[in-house]
Every structure is written in structure tokens, then in C-alpha cells.
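Contents: one structure, followed by commentary.
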Amino acid sequence: MTKKRVVITGLGAVSSCGNNVKDTWDAVKNGKSGISNITLFDASNHMVKIAGEVKNFSLEPYGVDKKIARKIGRFSKFLLGASVEAVNDAGFTKETLQNENAGIITGIGIGLSEELNVAYQKYFDPASGVNRIPPLTAPLVLNNEAAANVAIHFGIHGPAWTLSTACASGTDAIGLALDMIRLGRMDVCLAGGADANITGFNIGCYQSLSALTTKFNDEPQKASRPFDKNRSGFVMAEGSAVLVLEEYEHAKARGAHIYAEVAGYGASSDAYHITAPCADGAGGVLAMKKAFEDAGMKPEDIQYYNAHGTSTSANDTAETAMIKSVFGEHAYKLKISSTKSETGHMVGSAGAIEALFCVKAMEESFVPPTINLDEPDLEHGCDLDYVPNVGVKCEINAAASCSLGFGGHNGCVIIKKI
């Protein structure tokens, strides 16, 4: 059976680097970090005092009523903002989208929101207790609340699904959307991710796990340094990214601007460890091979690879081994970058925004840099071209992006020019 082709017709983003696609991409391609000191809670007693916070965000410019905005969670606001931008970019309106065979698939990686923090504090405080838990806590903290609010806003009556595979959630959301459109169950799908995890409790959890860097509290913008010898952990970040995926003939019929085609997707599980990837990247290798098989492409067809590149020793070395295993000698010809060096690790939306960066890189024939890469970790095999510190011009016909999540979840998408 011939597979239906699926294309990208709209983009939306909210990140520490900017509250829309243009500002975010401009910062990333120019190597400008969005990492700063934490302001969302008092971090004075935390060892980790930095994060990739979204700054000065409001839903007012997106046409969302203030009363409604007050009743939805922070991560839901980010997804709604990114969705409105993506829908507008795709040339849809509320009215036209309601008449489409449309749905939304959202990746949520952690979901430990500020609203949950507040509710716990009320519950465990002897002076307040269970009777003082805010009444909207239940709907505000449900991971599916974000997709539900987007569906409500646009009047989308198709599936509004939430998928959670840790750091691979955004990539897997795109992959599931691709399959649903190929199957004919949707013609249009808003695919992406969101997270808003910069809370005292969540930062404390990852601090206790020794997953976050504590060495750059005085120099936040230097903290995320994938593949660098002096990396010491990732930087938690928040935000959202949404891509409008659409069946190719459907997009052509309505005269939509087509950015690129989602050519293939692959997923796998390490079945190895709850937090660490396989040292040889075997799980990620399997996901990438499945993506190439799905796309009917070869590794040599790829010019740019957007790395998961978390800035942890375990991830960066395993991912480099994975790239070498899949691409062979072509690995040394690839342009590779980790845009987490600018945005921080956006968890549920990481894969979605990194797929978006692949689209922009392809559109502008420009590879964004991996900043803070001052001394590659050659001792652990990190000897590929990670485009250190300054972006480069490069003709890109096809790009790949992989995400490797806690629990051994791996996802890979391949995007190519139409």
C-alpha cells in the first residue's frame, strides 16, 4: 500500500529563547542562550539556581480571554500559545479548522506543574489542610489538560491525545501524528509538546538525582554545554513547540505553504535502565534504522542531525556512538548540533522544538551552533562536527532529529525538502 505523504504547514514555539518561532530561531541560530537565574520560585536553598525560563509570556496577544487564561495551567498556556501561532502560520482559522478532519497530539514529559506544588503545600500545611486545596487543582494538573484546552479553543472534535515518553514525548507525538494522517484518521494534526517544570519540587527531584548541573550558577548562559569536556549535567527548561502536520494532497488543494515533508519515524525501547541510555546507543540505533526504513532513505541522504545532546556525560557519549553506528563514515561529514545548548532541556517539548529547528535550518540553509563547546570530550569519543559556537551555512535536503528519554524511550523523525 502506498503511504500517504505528510507535510508540515505551520510552526509555533514558546521557549526560553523567545515567545514565538522568529525570536526563538533568531536566538538559536545566533548562539544566544536563554538560560538564566531562576525567578519562578525562591531557589536560595537549592544547589541548582538556573533554568531555561519562559519570560514575559501572556496569552493576550493570542486572542485568549483573560478569564479563561487564569483557569488553565502554565504548561497549557504554552501549548495554547504555540498552537495558535502554528495554526495561524498554516493559514487556518478557528472556523476553518473546525470543518477539518483534525486532531491534536501532545507530548508531556514530566507534568509536575506549579499548581501541583501549591496544592501539596496547602495539603501538608497543618494550618490549611485538605479543605484549602484550590478547587481547580484537579483539572489544572492533569497532563491531558493542555491538549484539551487547545481542542476547546479551536473547536477541534477529533482525537486530543497526550503521550508521555519522558524526553522523547515531543518526537513521539510527531511520529504518532504522522501515522494517524497516513492511516486517513486525520487530514490535519497539531503535533508537539509542552512542559512547565521549573518548580522547587521538580528542580529538587532532578537535583537529588544529580542530573542537573550545579557548576554554572554564576554564569547561566555557559551551563548547557553538550559534548564539551567540562559538561556537568543538563539545564531544565520549559516551553512548547507545535507543528501543523497535514496530508500532502489536502495541503496542496487549499494552497498551503509547505515547509517540508515528514518522511519517516522510528521508535524503540532500550529495555536497559530507568535513567541511563545503553552505553553503545543500541536503542537509539534501532529507532534511527526504523526511521530510515520508514522513509525509504539511507543515512547518507542526511546533511544535518539535531542531537538530543543533553550535556550529560552518559547521553552525549552514547549518542555519539549511536550516530557513528548508524551513519558510519558519513558521521564525519554530518553537521550536528545540540540546540539544548541555547534553549535548555524542554523535556516534553524538546523533540518537537528540535524538529522545528530542523525545518528552519532546511529553510534557511543554515545549521545552528552547539554553544559552549570549548573543548570536545575526545576522551569519550566526542570527535564529530558538532558545529561549535558559531552556526554555518549548509545546503540541507534532509535532516534527522532523535530524542532519548528516561526509561529508555527513543524516537527519531526524518524531515526532508518537498
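Remarks
- Model label points for LYS252 and ALA279, set 7 angstrom from Cα along the Cα-to-Cβ axis, are 5.1 nm apart.
- When the Cα positions of SER365, HIS409, THR339 are compared along the charge dipole of segment 294-418, SER365 comes out farthest toward the positive end, with charges on each C-beta of Lys, Arg, Asp and Glu.
- Computed extension length for ASP23-ASN88: 21.7 nm, one decimal, from 0.36 nm per residue of separation with the Cα-Cα distance subtracted.
- Whole-number D in µm² s⁻¹ for segment 104-183, Kirkwood Cα-pair radius fed into Stokes-Einstein, 20 °C, 1.002 mPa s: 150 µm²/s
- Relative compactness, segment 164-278, computed as alpha-carbon Rg over 2.2 N^0.38 Å: 1.39
- Normalised per residue, the volume of the convex hull around the Cα set of segment 76-118 (Å³): 87 Å³
- Within segment 262-347, the trypsin sites (Lys or Arg not before Pro) that combine a DSSP coil assignment with at most 15 other C-beta atoms in a 10 angstrom radius are LYS333.
- Largest-first principal axis extents of the Cα set of segment 197-264 (Å): 53, 29, 22
- Dmax and Rg, reported as Rg then Dmax, of the chain (C-alpha, Å): 20.0, 65
- Take the chain with all the other protein chains still there, run a 1.4 Å probe, and you get 39 Å² of accessible area per residue.
- For segment 233-388, the Stokes-Einstein estimate of translational diffusion at 10 °C and a viscosity of 1.306 mPa s comes to 96 µm²/s, using the Kirkwood hydrodynamic radius over alpha-carbon pairs.
- For the chain, averaging the sequence separation of C-alpha pairs within contact (under 8 Å, six or more residues apart) and dividing by the residue count gives a relative contact order of 24 percent.
- With a cut-off of 14 Å between beta carbons, the residues surrounding ASP377 carry a summed charge of -4, where Lys and Arg count +1 and Asp and Glu -1.
- At full extension, LYS417 and LYS215 could sit 68.7 nm farther apart than now, given 0.36 nm per residue minus the alpha carbon distance.
- Cα-based Rg / Dmax (Å) for segment 1-148: 18.4, 65
- Amide H contacts under 5 Å for ALA263, placed H, 5+ residues apart: ILE414, ILE415, LYS416
- Segment 308-418 - Debye-derived log10 I(q)/I(0), Cα point model, q = 0.16, 0.17, 0.22 Å⁻¹: -0.71, -0.81, -1.48
- Per residue, the chain reaches -9500 deg cm²/dmol at 222 nm when only DSSP H runs of four or more residues are counted, each adding -39500 (n - 2.57).
- Expressed as a whole percent, the accessible surface of the chain that belongs to carbon and sulfur atoms is 52, based on a 1.4 Å probe.
- Straight Cα distances below 30 angstrom link LYS3 to the lysines LYS94, LYS252, LYS289, LYS290, LYS298, LYS324, LYS335, LYS360, LYS416, LYS417, with same-chain residues fewer than 8 positions distant left out.
- You can think of it this way: the chain between ASN99 and ASP125 has 4.5 nm of extra reach, that is 0.36 nm per residue less the Cα-Cα gap.
- Cα principal axis extents for segment 1-83, largest first, Å: 59, 37, 26
- With contacts taken as Cα pairs under 8 Å and at least 6 residues apart, segment 151-280 reaches a relative contact order of 26 percent.
The values are calculated or read from the model by the stated rules, or taken from the named source; none is laboratory data. Given the structure is predicted, the values throughout are model-derived calculations rather than measurements. Using ideal geometry, Cβ is built from the backbone for each residue, glycine included, and neighbour counts are taken over all protein chains shown. We work out accessible area using only protein heavy atoms, side chains counted, and drop any ligands, DNA or RNA first. Shrake-Rupley method; radii C 1.70, N 1.55, O 1.52, S 1.80 Å.
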